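K.L.:
Structure provided below as structure tokens; questions to follow.
The values are calculated or read from the model by the stated rules, or taken from the named source; none is laboratory data. All figures in this text were calculated on a predicted structure; none of them were measured in a lab. As a convention, Cβ positions derive from the backbone with ideal geometry for all residues, glycine included, and neighbour counts pool all protein chains shown.
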Amino acid sequence: MKKEVVLHFSKEIWDKPIIYQLIKNYDLVVNIHKADVLPRQESFMVLELEGDNDEMTSGIEYLREYGVKIDPIEQEIKRDEARCTHCGACIAICPTGSLHIKDRVSMEVAFDSRMCSGCELCVPVCPPHAMEIQIV
């Protein structure tokens, strides 16, 4: 089972080994797509969790009991191919590499939606507004 979520940490628990416990105690594979974790401040992580269904359920319950707010990612990023000018503004900001140069000669920008974490960073930097958020 795979699940993409956003974890919100309070300023009281920002420094606890929460992700380590998910891996060690619940045997979950954790792939962090984006994180903003700062000392004594509210913090967040966008991540993908993968593992056995029962372990996933137990791991999510552990997070809730620890005081972590969990938001499922229920959106996808889509690209309007007709609007895309292949300017490349999105490439530098994309943390997963889902937006990348497909061909160095033509400098065509490719978008692999399977790699996209839904972080939305590409949406505001796209000059022709080709990147769009779609709720699933």
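K.L.:
Mind checking which pairs have a first residue in the range 41-66 that is free of Cβ contacts under 8 Å to residues at least 40 places away in the same chain and a second that is hydrophobic (A, V, I, L, M, F, W, C) and part of a loop (DSSP other than H, G, I, E, B), Cβ under 6 Å, 6 or more apart or different chains?
P.N.:
Ser43/Trp14; Ser43/Val37; Gly59/Leu28
K.L.:
Could you identify the single residue in Arg79, Arg64 that is under 27 Å from Asp112 (Cβ atoms) and not hydrophobic (A, V, I, L, M, F, W, C)?
P.N.:
So the residue among Arg79, Arg64 that is under 27 Å from Asp112 (Cβ atoms) and not hydrophobic (A, V, I, L, M, F, W, C) is Arg79.
K.L.:
Determine whether the range 86-106 contains at least one residue that is under 14 Å from Ile19 (Cα atoms) and either modelled with pLDDT under 95 or of a type in the set (A, V, I, L, M) (or both).
P.N.:
There is no residue in the range 86-106 that is under 14 Å from Ile19 (Cα atoms) and either modelled with pLDDT under 95 or of a type in the set (A, V, I, L, M) (or both).
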